[in-house]
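Read the figures in this text as sums done on the coordinates, not as results from a lab. These figures come from a predicted structure and were not determined experimentally. Glycine gets a Cβ as well: all are built from the backbone with ideal geometry, and neighbour counts include every protein chain shown.
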Amino acid sequence: MDLEFGPAQKAFQDEVRSFIAQRLPVDIRERLKAGHPPRKQDVVTWQRILNDRGWAAPHWPARYGGAELGQAERLILMDELYRAPAPLPQVFNITMLGPVLMKFGTPEQCEYFLPKLANLDIWFCQGFSEPGSGSDLASLRTNARREGDQYVVNGQKIWTTTAHWADWVFALVRTDPDARKQEGISFLLIDLTSPGITIRPIVSIDGEHHLNEVFFDDVRVPAANLVGQENRGWDCAKFLLSNERTGIANVGLCRERLVHARELAERTREAGELLIESPRLQVELAALDAEIRALEITNWRYLLTPSLQQEQPAFASILKLKGVELQQEINALLARLAGPSGLERRPADDVAQGPLTPRYFYSRAASIYGGTSEVQKDILARSIVG
Ligand SMILES: Cc1cc2nc3c(=O)[nH]c(=O)nc-3n(C[C@H](O)[C@H](O)[C@H](O)COP(=O)(O)OP(=O)(O)OC[C@H]3O[C@@H](n4cnc5c(N)ncnc54)[C@H](O)[C@@H]3O)c2cc1C
């Protein structure tokens, strides 16, 4: 497949590049470049700058603040954001919930929520997984009992990324305990300031607080916050998960981290020699670069060929698996290059080298979220066996 951009795409890439160069606050770029995760305020600040330009929700219709970008332009935008590096548009709002509301929500829900999602006036998190219900999501047990014009929610979610930053959660809840497991689930929007909600931190292996447990104890939710039909929440969930595919391979992230690895090797000495002078390292960097290029071509081929997506949905599993492997390999290389200094903890606004070894540890989680590697391999095996 020819991956040279046409003149219109090249012009769009230049436009994005110069927008980012002019508008991305230097402190945010420096923090991300050093390997720190973005702070909440970084994501909010940058998303609002993007939203002014219509690029916070690049694929949404213009009436909700989107830019109606096609798949190729959307990929170019994402790659440039990774390359900068800049925070990406908040995934739960933009990639997950927004399209679900447009497809299944009421006009009132769309009018109220979509502009706020685009501008990050409301931060949503995703309340799907529960203890014992991750890969087998349809076994979830958090229940919502209808009482008049409200639902009363009881149960627990886990691994809820950024719940401690969030204003709302979109959650899958069981509304019919007697139905077949996929058929008794509903999709609810829950205000996290509602009485009866407790959020507890889970500190991960990188020493950071990204994840949470969320408990619901007789939480009252207006029935108007149901998205789609009662007991048809599984349709919303399937649609939502199929929308995650654009970013699934994380090509831009791999490339940005590899550039950082090369730069680190160019300024780090061991026994008087710059690390980059090692022929072995140069071969390793070249091999990773070639792997990223191959993944990039595969990603573009898949995303720009609608028939391939329909006829071979298992292809997405290859992108997820290979993307994760590369991401982990590059993070491992960065940790190796940094040596003991990669373990140093530094404040998030210290723009010297960030916590590269903790970041490597956390990158192990990429083979779990968004569908575990074993489950992806199952999907591939089944698609081959037929
Ligand atoms: C960093 C991180 C962030 C997350 N963020 C969120 C979030 O914001 N919101 C949310 O709802 N969830 C989130 N999750 C949860 C995530 O979706 C689940 O962890 C994931 O679906 C796996 O489920 P589980 O943890 O219950 O493990 P399990 O499904 O119990 O899996 C345990 C092991 O068994 C294997 N296994 C399971 N089923 C099969 C099978 N059929 N065939 C072969 N092997 C199998 C798995 O691969 C795994 O190795 C996050 C997870 C992580 C690690």
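Taking Cα pairs under 8 Å and at least six residues apart, what relative contact order does segment 139-220 come out at, in percent?
For segment 139-220, the relative contact order is 36 percent.
With the Cα gyration tensor of segment 204-253 giving a ≥ b ≥ c as the square roots of its eigenvalues, does the rule (a/c under 1.5 for rounded; else a/b larger than b/c for prolate; else oblate) give rounded, prolate or oblate?
Since a/c reaches 1.5 but b/c is at least a/b, the shape of segment 204-253 is classed as oblate.
In debye, nearest 20, what is the charge dipole magnitude of the chain about its Cα centre with +1 on Lys and Arg Cβ and -1 on Asp and Glu Cβ, if you could check?
In total the dipole reaches around 160 debye.
What net charge do the residues around VAL169 carry, taking every other residue with its C-beta under 10 Å from that of VAL169, with Lys and Arg at +1 and Asp and Glu at -1?
Spelling it out: positives minus negatives among the neighbours equals -1.
Rounded, prolate or oblate: which fits segment 248-385, taking a ≥ b ≥ c as square roots of the Cα gyration tensor eigenvalues, rounded meaning a/c under 1.5, else prolate when a/b beats b/c?
Taking the square roots of the gyration eigenvalues as a ≥ b ≥ c, segment 248-385 is prolate.
Among residues other than GLU291 whose Cβ falls under 10 Å from its Cβ, what is the net charge (Lys/Arg +1, Asp/Glu -1)?
-2
Please identify every one of the GluC sites (Glu not before Pro) in segment 1-74 that sits in a loop by DSSP and has no more than 16 other beta carbons within 10 Å of its own beta carbon.
GLU4, GLU68
On a 0 to 90 degree scale, rounded to 10, what angle separates helix 40-53 from the longest Cα axis of the chain?
90
On a full-extension model of 0.36 nm per residue, what is the gain between SER242 and GLU270, subtracting their alpha-carbon distance, rounded to one decimal in nm?
Using 0.36 nm per residue and subtracting the Cα-Cα distance, I get 5.4 nm.
What does the charge add up to near LEU334, with Lys and Arg as +1, Asp and Glu as -1, over the other residues with Cβ less than 9 Å from its Cβ? Spell out each step's value before the answer.
On the way: positive: ARG257, ARG336, ARG359; negative: none.
For residues surrounding LEU334, the net value is +3.
Using a simple charge model, +1 on the beta-carbon of Lys and Arg, -1 on the beta-carbon of Asp and Glu, nothing else, what dipole does segment 199-305 show about its Cα centre, in debye to the nearest 20?
Once rounded to the nearest 20, the dipole reads 380 debye.
So which trypsin sites (Lys or Arg not before Pro) in segment 158-261 are both in a DSSP loop and have at most 10 other Cβ atoms within 10 Å of their Cβ?
ARG180
Can you compute the helix-only [θ] at 222 nm over the chain? Use -39500 (n - 2.57) per DSSP H run of at least 4 residues, normalise by all residues, nearest 500 deg cm²/dmol.
-14500 deg cm²/dmol
So if each residue of separation counts as 0.36 nm, and I subtract the Cα-Cα distance between PHE361 and ASP27, what length gain in nm does that give? Walk me through the intermediate numbers first.
Values: separation 334, 0.36 × 334 = 120.24 nm, distance 2.49 nm.
Net length gain for the segment: 117.7 nm.
What is the extension gain from SER194 to ASP217, computed as 0.36 nm multiplied by their sequence separation minus the C-alpha to C-alpha distance, in nm to one decimal? Before the final figure, lay out the partial values.
Details: separation 23, 0.36 × 23 = 8.28 nm, distance 1.02 nm.
Taking SER194 through ASP217 to full extension adds about 7.3 nm, to one decimal.
For ALA332 and ARG53, what does the FRET efficiency come to when R0 = 35 Å and r is the distance between their Cβ atoms, rounded to the nearest 0.05?
Working from the Cβ atoms, E equals 0.45.
Report the Cα centroid-to-centroid distance between segment 107-185 and segment 1-72 in angstrom, as an integer.
Their Cα centres are 29 Å away from one another.
When the Karplus curve 6.51 cos²θ - 1.76 cosθ + 1.60 is applied with θ = phi - 60°, which whole-Hz ³J(HN,Hα) does each residue of segment 225-242 get, with x for Gly and Pro?
8, 6, 9, x, 8, 4, 6, 10, x, 5, 4, 5, 5, 5, 4, 4, 5, 6
Take the alpha-carbon centre of segment 286-301, take the same for segment 189-254, and report the distance between them in whole Å.
Value for the Cα centre distance between the two parts: 32 Å.
Find the relative contact order for the chain and round it to a whole percent, using C-alpha pairs within less than 8 Å whose residues are 6+ positions apart.
Result for the chain is 15 percent.
Could you grab the relative contact order for segment 248-385? Cα pairs under 8 Å, six or more apart, rounded to a whole percent.
Relative contact order of segment 248-385: 28 percent.
Shape of the chain from its Cα gyration tensor (a ≥ b ≥ c, root eigenvalues): rounded if a/c is under 1.5, otherwise prolate when a/b > b/c, or oblate?
Working: a/c = 1.62, a/b = 1.54, b/c = 1.06.
It is prolate, given that a/c is not under 1.5 and a/b is the larger ratio.
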